[in-house]
Amino acid sequence: MRTALRQLLADFVGALVFLAFYSWTGNLVLATLLAIGVALAQVARALLKKTPVSSMQWLTLALVVGLSTLTLITEDTWFVQLKPSIAHFAVGAVMMKRGWQLPYFPSIVRELLSERMLLGWGYAWAGLMFALGAANLAAARWLSLEAWGLFLSGLVFAKLLLLAVQYAVMKSAARSAAAARSAAA
């Protein structure tokens with residue numbers, strides 16, 4: 001669970017740094033350059049520590065650099081606001097792959113719980129990503145940049161909520177399955 005929380009935070013650090021700096025200074029160019037710097041620093045840190053850089057991290061870096069470059073060229077915050085939707089749609093599409101979440105589960109969980117349950121959680125995450133992408137599009141369209149920034153932090157809580165529900169349901173189901181296995185033996 002700790003790894004998932006770290007990943008959620010890492011996904012939003014650049015956007016939060018951008019919003020904080022932009023709110024503080026009103027300088028779109030510097031805030032955008034700072035967001036690019038944060039994304040580059042995250043990947044550089046992983047490379048320097050010789051830890052694998054996940055495909056999600058590369059995707060995030062490409063989106064940040066690409067959309068931030070468009071922000072710098074057009075001087076329009078819309079591209080900054082669009083990035084979370086593009087990222088959520090891209091991640092949701094990847095999560096539609098059958099069994100994408102299986103490698104993240106400990107072997108005991110894969111033994112105790114049905115494949116149907118495990119696959120279902122993967123699709124639930126994909127659905128959440130698509131819903132958050134659509135919600136972000138609506139928020140970016142109708143909210144001020146400051147209000148959108150507050151909304152963006154709510155996306156983190158939606159992910160945390162699904163993570164907590166998934167953890168509780170799976171833990172309960174695994175305990176029941178383990179008890180049934182012990183009773184049968």
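Scanning the range 62-104 for residues that are free of Cβ contacts under 8 Å to residues at least 60 places away in the same chain, among the hydrophobic types (A, V, I, L, M, F, W, C), in contact with a Leu (Cβ under 7 Å, 6 or more places away or on another chain) and surrounded by 15 or more Cβ atoms within 10 Å (Cβ to Cβ) turns up L67, F79, L82, I86, A90. S85: of a type in the set (S, T, Y), within 22 Å of A20 (Cβ to Cβ) and assigned to a helix (DSSP H, G or I), yes or no? Yes: the conditions hold for S85.
Of the residues that sit in the range 49-59 and are modelled with pLDDT of 75 or more, at negative phi and outside any helix (DSSP H, G or I), which one is surrounded by the most Cβ atoms within 10 Å (Cβ to Cβ)? Selected residue: V53.
Return the residues of the range 126-139 that are closer than 30 Å to A31 by Cβ and surrounded by 15 or more Cβ atoms within 10 Å (Cβ to Cβ); say none if nothing qualifies. Before you say what the answer is, go through the steps one by one.
Start the filter on the range 126-139 by keeping residues that are closer than 30 Å to A31 by Cβ, which leaves 128-139.
The answer is L128, M129, F130, L132, G133, A135, N136, L137, A139.
Only one of the numbered conditions (1) out of contact with any Phe, Trp or Tyr (no Cβ under 9 Å at 6 or more places or on another chain); (2) touching a residue at least 12 places away in the same chain (Cβ under 8 Å); (3) polar (S, T, N, Q); (4) under 20 Å from K159 (Cβ atoms) is not met by S54, and that is (2).
From the list W121, W142, the lone residue that is loosely packed, with under 12 Cβ neighbours inside 10 Å and aromatic (F, W, Y) is W142.
Considering the range 1-48, the residues that are over 19 Å from T60 (Cα atoms), part of a helix (DSSP H, G or I) and not hydrophobic (A, V, I, L, M, F, W, C) include one that is modelled with the lowest pLDDT, namely R2.
The set of residues in the range 101-143 that are in a loop (DSSP other than H, G, I, E, B) and within 17 Å of A173 (Cβ to Cβ) comprises Q101, F105, P106, L113, S114.
The values are calculated or read from the model by the stated rules, or taken from the named source; none is laboratory data. Please read all numbers here as calculations on a predicted model, not as lab measurements. Using ideal geometry, Cβ is built from the backbone for each residue, glycine included, and neighbour counts are taken over all protein chains shown.
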